[in-house]
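The values are calculated or read from the model by the stated rules, or taken from the named source; none is laboratory data. Note that the structure is a prediction, hence the values are computed from the model and not measured. Cβ: placed from backbone, ideal geometry, glycine included. Neighbour counts: every protein chain shown. Surface areas here come from the heavy atoms of the whole protein model, side chains and all, with no ligands, DNA or RNA. Shrake-Rupley method; radii C 1.70, N 1.55, O 1.52, S 1.80 Å.
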Amino acid sequence: MKRNILIIVGHPDTESFCTALSEAYMKGALSDINVNVERIEIGKLIFDPNLKFGYRKRVELEDDLLNAQHLISWAHHLVFVYPTWWGTMPALLKGFIDRIFLPGFAFKYRENSIQWDKLLKGKSAHLIVTMDTPSWYNKWIYRHAGHKVMKKNILEFCGITPIRVTEIGPVKDSSMKDRTKWLDKAKQLGALGK
């Protein structure tokens with residue numbers, strides 16, 4: 001049975017280094033004949049990222065979001081590639097998650113209980129996160145705050161586990177040698193299906 005991998009590019013600029021990393025990952029993944037790969041570039045989607053009424057009132061999903069939900073359901077492994085801005089993901093990626101990781105799709109509250117059902121169980125994920133902050137600073141000063149939100153509060157909440165994180169950076173003022181090394185790393189991760 002083939003393994004289905006979905007790459008979600010969370011940078012709004014479709015010409016970003018995140019896009020190049022996603023392409024390298026995809027190239028590596030496609031080197032395995034037992035893997036199917038699809039990719040979503042959030043910057044190309046047409047949707048309102050604002051969950052206007054929270055969960056109080058349903059807002060119909062745009063076609064691009066319905067397709068994204070279909071691909072997430074199809075995937076065994078999700079790869080999110082995005083930058084760290086102000087300690088977390090870009091607003092467009094957060095809006096994408098707000099709009100499609102909905103009750104009934106990603107999780108379901110239990111009646112008269114503080115418990116919930118995790119509807120995306122059986123899937124794994126990998127976060128490939130670019131940043132301008134050195135990894136040591138993100139670890140010791142910020143305590144990986146942005147990674148924790150994505151891992152614990154979003155993906156694990158919906159049942160996705162295990163979740164790996166690869167930090168890329170600092171990207172600002174990086175050399176072509178650094179970027180080539182990071183692209184090679186993304187390609188290797190794809191070839192391993194991680």
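Once the Cα atoms of segment 123-194 are picked out, what are the Rg and Dmax in Å?
13.4, 38
What angle do you read, to the nearest 10 degrees and between 0 and 90, between the alpha-carbon axis of helix 91-100 and the longest principal axis of the chain?
Once rounded, one gets 40 degrees.
Choose one answer from A145, A75, A29: the residue with the largest mean-square fluctuation in a GNM of the chain with alpha-carbon springs under 10 Å.
Judging by the Gaussian network model, the answer is A145.
How compact and how long is segment 66-124, expressed as Rg and Dmax of its alpha-carbon atoms in Å?
13.4, 39
Among DSSP bridges having both ends in segment 13-151, what percentage is antiparallel? Round to the nearest 5.
Details: 4 of 12 bridges.
Of the beta bridges lying entirely in segment 13-151, close to 35 percent run antiparallel.
What is the helix-to-structure angle for 17-29, meaning the angle in degrees between its Cα long axis and the longest Cα principal axis of the chain, kept from 0 to 90 and rounded to the nearest 10?
For 17-29 against the chain, the angle is about 90 degrees.
Keeping all protein chains in place, calculate the accessible area per residue for the chain (probe 1.4 angstrom), answer in Å². Show your work: numbers first, answer last.
Values: 10770 Å² over 194 residues.
With the other protein chains kept in place, the chain gives 56 Å² per residue.
Let me know the Kirkwood hydrodynamic radius for segment 22-94, please, with Cα pairs as the basis and the value in Å to one decimal. Don't skip to the end; give the middle numbers.
Values: mean 1/r = 0.0690 Å⁻¹.
Its Kirkwood hydrodynamic radius stands at 14.5 Å.
Among the chymotrypsin sites (Phe, Trp or Tyr not before Pro) within segment 1-77, which fall in a DSSP loop and have no more than 16 other Cβ atoms within 10 Å of their own Cβ? Present the calculation step by step, with values, prior to reporting the outcome.
Details: sites: F17, Y25, F47, F53, Y55, W74; in loops: F47, F53, Y55.
Within segment 1-77, the qualifying chymotrypsin sites (Phe, Trp or Tyr not before Pro) (loop, at most 16 other Cβ atoms within 10 Å) are F53, Y55.
Could you identify which residue out of V129, V165, V81 has the top mean-square fluctuation in a GNM of the chain using Cα springs shorter than 10 Å?
Its mean-square fluctuation being the largest, the pick is V165.
Out of M131, G159, F17, whose Cα points farthest toward the positive end of the dipole of the chain (charges: +1 Lys, Arg; -1 Asp, Glu; placed on Cβ)?
Sorting the options by dipole projection puts first G159.
How large is the charge dipole for the chain, taken about the Cα centre, if only the Cβ atoms of Lys, Arg (+1) and Asp, Glu (-1) carry charge, to the nearest 20 debye? Kindly include the intermediate steps, with their values, before the conclusion.
On the way: 29 positive and 20 negative charges, 151 e Å.
So the magnitude is around 720 debye.
For helix 63-74, what angle does its Cα long axis make with the longest principal axis of the chain, in degrees from 0 to 90 and rounded to 10?
It is inclined by approximately 80 degrees.
What range in the chain is the longest one free of GluC sites (Glu not before Pro) that are in a loop by DSSP and have at most 12 other Cβ atoms within 10 angstrom? Before the final figure, lay out the partial values.
On the way: sites that count: E15, E60, E111.
Maximal segment without exposed cleavage sites: 112-194.
Need the full-extension length gain, W140 to T14, defined as separation in residues times 0.36 nm minus the C-alpha distance. One decimal, nm. Spell out each step's value before the answer.
Details: separation 126, 0.36 × 126 = 45.36 nm, distance 3.14 nm.
Stretched out fully, the W140 to T14 stretch lengthens by 42.2 nm.
For the chain, set up a Gaussian network in which alpha carbons nearer than 10 Å are linked by springs, and say which option among I141, I154, I42 fluctuates the most.
Maximum fluctuation in the GNM of the chain, among the listed residues, is at I141.
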